[in-house]
1. Would you check which residues across the range 52-73 are of a type in the set (D, E, K, R) and part of a helix (DSSP H, G or I) and list them?
2. Starting from the range 1-21, take each residue that is within 12 Å of residue 35 (Cβ to Cβ) and list its partners that are part of a loop (DSSP other than H, G, I, E, B) and among the basic types (Lys, Arg), counting only C-beta distances under 9 angstrom and pairs at least six apart or across chains.
3. Against the conditions (1) hydroxyl-bearing (Ser, Thr, Tyr); (2) open to solvent by 90 Å² or more (accessible area, probe 1.4 Å); (3) not in a loop (DSSP other than H, G, I, E, B), where does residue 2 fall short? Just the number, please.
Amino acid sequence: ETRITTIRQPAEQADEVEFVARVEGKAASEFIRDAIAAHLESRRTDPDFQQRLRARIKADREILDRLEEPEAR
């Protein structure tokens, strides 16, 4: 399953992405997917990000608990 995502980027950046993708023999969309995958993987192994992620999950869980129906508690 795939989804279409539209991004806005400076024309100069778009030109560079298309150029580098052509040099690598890829479509620009494949180049962008690869870049996103690499960035996400770097977050999985970044201790600072993981710490912020745990803090965000904890804060969100606290909000969800406050909003939960009283009967469900």
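The values are calculated or read from the model by the stated rules, or taken from the named source; none is laboratory data. Computed from a predicted structure; not experimentally measured. For neighbour counting, all protein chains shown are included, and Cβ atoms are generated from backbone atoms with ideal geometry for every residue, glycine included. Each accessible area value is taken on the protein alone, full model and side chains, heavy atoms only, with ligands, DNA and RNA left out. Shrake-Rupley method; radii C 1.70, N 1.55, O 1.52, S 1.80 Å.
1. Scanning the range 52-73 gives 52, 54, 56, 58, 60, 61, 62, 65, 66, 71.
2. Pairs found: 20/26.
3. Status for residue 2: all satisfied but (3).
Here's the yes/no breakdown for (1) at pLDDT 95 or above; (2) surrounded by 10 or more Cβ atoms within 10 Å (Cβ to Cβ):
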{"position": "16", "(1), (2)": "yes, yes"}
{"position": "22", "(1), (2)": "yes, yes"}
{"position": "27", "(1), (2)": "yes, yes"}
{"position": "32", "(1), (2)": "yes, yes"}
{"position": "42", "(1), (2)": "yes, yes"}
{"position": "45", "(1), (2)": "yes, no"}
{"position": "49", "(1), (2)": "yes, yes"}
{"position": "56", "(1), (2)": "yes, yes"}
{"position": "66", "(1), (2)": "no, no"}
